[in-house]
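Student: Quick one: structure below, then a few questions.
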Amino acid sequence: MRLLFVLLIAILTASDVLQTGMSLGPGLSVKNALLYPIALGLLFRFALTGGFRMRLPIVNVAFIIWIAYATLTWIACVTVIHVPGYQPLGMFIELKSMLMDSALFFFVYFYGAQGEPDFLLLSKFLAACIGIANLLTLADLAGIVHLNITVGAGGVEADRVFGVFGHANDTAALIVCLLPMMVVVATSSRSTARIFWYAGVFASIAVLILTVSRGAYVGVVVGYGWAVWLCRRYLPTSRVMGWTLIGFTCVVLAAGVAVALIPDMAQVFSQRLFNQSMATSMSVASSGRTTIWMGALDAMMSHPITLVTGFGWDVYHTMFELVTHNYYLDQWFGLGVIGLFSFLTIQYQTVATAKQAIAAAAGHMRPYMIALVFGTLGLAVCLFFGNLDKPWSYVWVYVGLSLRAAADIVEKAKQTAARSAARAPLNPMRAPTAAGVRAGAPRLVGEPRR
């Protein structure tokens, strides 16, 4: 089973790097053709062995409610509401790809990756795939390979590198999510392979810079800063300052590489990070995001019931041309408070469980749990400024296998504490003493007097 998990990650990456999609038909691709048998295999194994036990039930229930409500709204849009321009089959395929398959990726790795060896192997392989994909992106920009990496040709996308994971904002958000884990893999390596791991980290930072995604940059500053605060008990100030200095140095070097690969990159930085970000108009400063957000909110306010229920799965794209550029607003608009809070619950439980695991983890596992907090919060901030498409598969693979490791660490710590409590005296204050026996305990018949 472990090799199948490795193969699935490899197919995901190869599909994006080669930009083939590996489609086998509407709603079906090579990755689905492998994902579904793996899921069925897990079900059969649990059915035959009886070894299934629900872990982190709140996360499981949140996923079930999220998908069930989205499916219910799709049925309502098709049978009752009859939304103009709503294409039932196309919207259902989108629902399957964006929610059902994403949940399947999470549950397959959450319940299938068992034990620390599986977690370490899959984490390293995922880090290797992301690192190689970003190295190939730089190689393509340098003309060494020819993968036809998209580079923006004009407008707000001019000279922005999209990478292999979809839009520039998608690629940047994925890197923000997985970069902490990649750094942990690199620093924990004790062989000459460390050169490869650090090369992957550096390439990822360079691609992150080349995307010129301001939302991702905010995710690094705010999300990682938030994570530092939450993990402050386990991150000494000297270490935080040291890593900040190292990160800043890597950013400067990566920026030099970016300018060498795309000579106009300095002008793009100046335009987006200074001229545009400091504009007096919020619409200009946010690249039109505030205008889009207000349009969506106005539509909801015109039908107040949708503030609770939402308009229905993917109805937004029948009403507006541009995406929401805010994943939370997207969920609220389509699925109401049920869909939004289901997703927020998964995020919260991921961070909360990782924090518990940090306190209980052994020395070599603690950095991975800290990385999970950093990656989750960094992505959470990125999602406030964008929507994701391709990267969700990688995100749920990473969250699934990491959250399983965190749950195992927490459970093992609780079992150890319970065993220690069972071996301890029930009430040490009542333990008999020699003085107590002499003073208050009745003497047995025939006990010699002293």
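Student: Could you order the peptides 107-114, 222-229 from most to least packed, using the average number of other C-beta atoms within 10 Å per residue?
Tutor: Top of the packing list down: 107-114, 222-229.
Student: Give, to the nearest whole percent, the P(r) tail of the chain beyond 37 angstrom, counting all Cα pairs.
Tutor: Value for the chain: 32 percent of Cα pairs lie more than 37 Å apart.
Student: Hand me the tally of lysine pairs in the stretch 2-414: alpha carbons under 23 angstrom apart, and the pair either on different chains or 8 or more positions apart.
Tutor: Value for the stretch 2-414: 8.
Student: Determine, for each peptide in 169-178, 321-330, the mean count of other beta carbons within 10 angstrom over its residues, then list the peptides with the highest first.
Tutor: The most tightly packed comes first, giving 169-178, 321-330.
Student: Taking the Cβ of G115 as the centre, find all other residues whose Cβ is under 13 Å away and add up their charges (Lys, Arg: +1; Asp, Glu: -1).
Tutor: -1
Student: While we're on this one: Compute the Rg to Rh ratio over the stretch 282-386 from the alpha carbon atoms, using the Kirkwood formula for Rh, and round to two decimal places.
Tutor: 1.12
Student: State to the nearest 20 debye the size of the charge dipole of the stretch 1-149 about its Cα centre, where the only charges are +1 on K and R beta carbons and -1 on D and E beta carbons.
Tutor: The dipole of the stretch 1-149 has a size of about 380 debye.
Student: Please give me the summed charge of the neighbours of Q415: other residues whose Cβ is under 14 Å from its Cβ, Lys and Arg +1, Asp and Glu -1.
Tutor: +4
Student: Continuing with the same structure: Is any helix in the chain, taking whole DSSP H runs, at least 30 angstrom long along its axis by alpha carbon and on average at least 1.6 on the Kyte-Doolittle scale, and which ones?
Tutor: Membrane-span-like by this rule: 237-261.
Student: If R₀ is 22 angstrom, what is the calculated FRET efficiency for the pair W293 and E94, using the beta carbon separation as r and rounding to 0.05?
Tutor: Once the sixth-power term is evaluated, E becomes 0.50.
Student: Under 14 Å from the Cβ of R272, count the other residues' Cβ atoms, weight Lys and Arg +1, Asp and Glu -1, and hand me the total.
Tutor: 0
Student: If you don't mind, there's one more thing I want to ask. Magnitude of the Cβ-charge dipole of the chain, K/R +1 and D/E -1, about the Cα centre, nearest 20 debye?
Tutor: Charge dipole, the chain, about its Cα centre: 2900 debye, nearest 20.
Student: Just name one of G131, G155, S189: the one whose Cα is farthest towards the positive end of the charge dipole of the stretch 112-193 (beta-carbon charges, Lys/Arg +1, Asp/Glu -1).
Tutor: Working it through, the farthest residue towards the positive pole turns out to be S189.
Student: If I stretch the segment between D389 and N148 completely, what's the gain in nm (0.36 nm per residue apart, minus their alpha carbon distance), one decimal?
Tutor: Additional length available on full extension: 84.8 nm.
Student: Where does each of 300-307, 403-410, 209-216 land if you order them by average Cβ count within 10 Å, highest first?
Tutor: 209-216, 403-410, 300-307
Student: Just A153, A139, A76 to compare: in a GNM of the chain, with alpha carbon springs under 10 Å, which one fluctuates most?
Tutor: Comparing A153, A139, A76 in the GNM, the peak value goes to A153.
Every read-out reported here was derived from the displayed coordinates using simple, explicitly stated rules and does not represent laboratory data. Remember, it's a predicted structure, so these values are computed and weren't measured experimentally. For neighbour counting, all protein chains shown are included, and Cβ atoms are generated from backbone atoms with ideal geometry for every residue, glycine included.
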